[in-house]
Amino acid sequence: MLSFILGASIFAQDVPPRGPYNTISGGIVDGVVVKDEVPIRSAVPYEHVRYADFVWSKRVFSRIDAREKLNHELFFPFDEFDSEFKPPKSESDVDGPLWIKHQERWSLWTVILRHIMLGDLPVYQVANPFYNIKQVVEDGYQFKYPIEKVSGIDDYFLNESYQTDIHSVVAASGQGPTLKVTIDGVPDEILKNNGQPFQIWFDSLVNLEYDPTRSEMLVLRDEMPDLEARYNKSIANQGSGVLREDGPISFQSSEGITAYNIKEDWFFDKERSVLDKRIIAIAPVCKFTKVAEMVHKEMRGQMVVFRDGIESYYAQDNFAELINQPTIQLEMFWLYFPDLRNVMVNYYTYNDKSDAQWMSFDDLFWKRKYAAQVYRTSDKFDREIEDYRFGVDALYEAEKVKNNIRKWEHDVWNY
């Protein structure tokens, strides 16, 4: 009786912000039972492995492709962004109606993007953001290039610099048009920062030698907060110093995610006498426009996103439809997998056999209920399989890596 009352009191409340439920605000249950009695769960920790028992290991990189039928639970259902969706300013904006999601279950990408915005997932860029463009080395899987927070968990909503860095890896966008004003009858004056504090710079504009009664400034004092933000952004960008209007932005939807790349370690634990494996990192993969090819490395162009169901990319101050434009599939960013586990343990995947037996995303990865193709492994040359095998031969080489691991485990035992 007590447990019934406790359960009723919990689920009579509005839906907590942790994810989709079959409970709706007002105590309505969309079904026979409440599917989750624990509102927020933590992932089951891995078995501790001592260094002395860590006697053999092999690092393997694999790709979970969206075209594989076994992987569909990770990529469906698709979400969608309304054309009016803007970068969120609060948690309520993240869960607002302009980001259209399924009521009960989400794709893995929807989960990842939501919790990046909420500040639960640290993000690591794929390459050094200050690299020399002629020497592209995408080694972000080593967690070398984190997008640093400034103040805390709400940085995405409160810190514009951090939000801009996040948008650079989860959305397609570009520079907006230059901010122009009319001063003393002279139209289209381009505003530039001079490195001084904003107020001093602004006063230098309005206190010109011109008669204020003849000056027609389109940037008025009641617009100063917005102008100050643009001024500070122009300084932070360390570019030409030109003030610009906000450019259009389109967030990547789950329809644009083509694969997930995972970095995992296969190892032998002497204490338990088992060959085990741990996923260390995961990276969503999407299409980018292909701008050049340099010695086995394609340089990434603009991110390709779906806008109203049409593949588009940012070009010439606006979005253009992807027509006859060569593309390449590349990682967007990397996540530390244990961080993601504590998030996705609270979200469910679809079960074709029974709606009563859904498992969490964490269960899916733990049970390895997905199909992954090896594309790289640790070797002396630090190369991908496609660097030395092509086509069908690359598939055979990937299988050879798996067979070598199985053979090593088999040879451990005497029969």
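Here residue 386 passes the criteria (1) acidic (Asp, Glu); (2) surrounded by fewer than 16 Cβ atoms within 10 Å (Cβ to Cβ); (3) touching a residue at least 60 places away in the same chain (Cβ under 8 Å) except the one numbered (3). For the stretch 369-391, a residue qualifies if it is within 26 Å of the chain's Cα centre (by Cα) and outside any loop (DSSP other than H, G, I, E, B), and the qualifying residues are 373, 374, 375, 376, 377, 384, 385, 386.
Within the stretch 94-112, the set of residues being more than 20 Å from residue 305 (Cα to Cα) and of a type in the set (Lys, Arg) comprises 105 only. Only residues that are under 21 Å from residue 347 (Cβ atoms) and not aromatic (Phe, Trp, Tyr) were counted in the stretch 360-390, giving 9. Against the list (1) closer than 25 Å to residue 305 by Cα; (2) at pLDDT 85 or above; (3) part of a loop (DSSP other than H, G, I, E, B), the condition residue 144 fails is (1). Filtering the stretch 91-125 to residues that are within 12 Å of the chain's Cα centre (by Cα) and of a type in the set (Lys, Arg) leaves only 114. Listed by first and then second residue, the pairs with beta-carbon distance under 9 Å, at least 6 apart or on different chains, first residue in the stretch 300-329 and without any contact (Cβ under 8 Å) to a residue 12 or more places away in the chain, second hydroxyl-bearing (Ser, Thr, Tyr) and part of a strand (DSSP E or B), are 320/312; 320/313; 320/314; 321/312; 321/313.
The values are calculated or read from the model by the stated rules, or taken from the named source; none is laboratory data. The model shown is predicted, which means the values in this text are computed figures rather than measured ones. Here the Cβ is made from the backbone with ideal geometry for all residues, glycine too, and neighbour counts use every protein chain on show.
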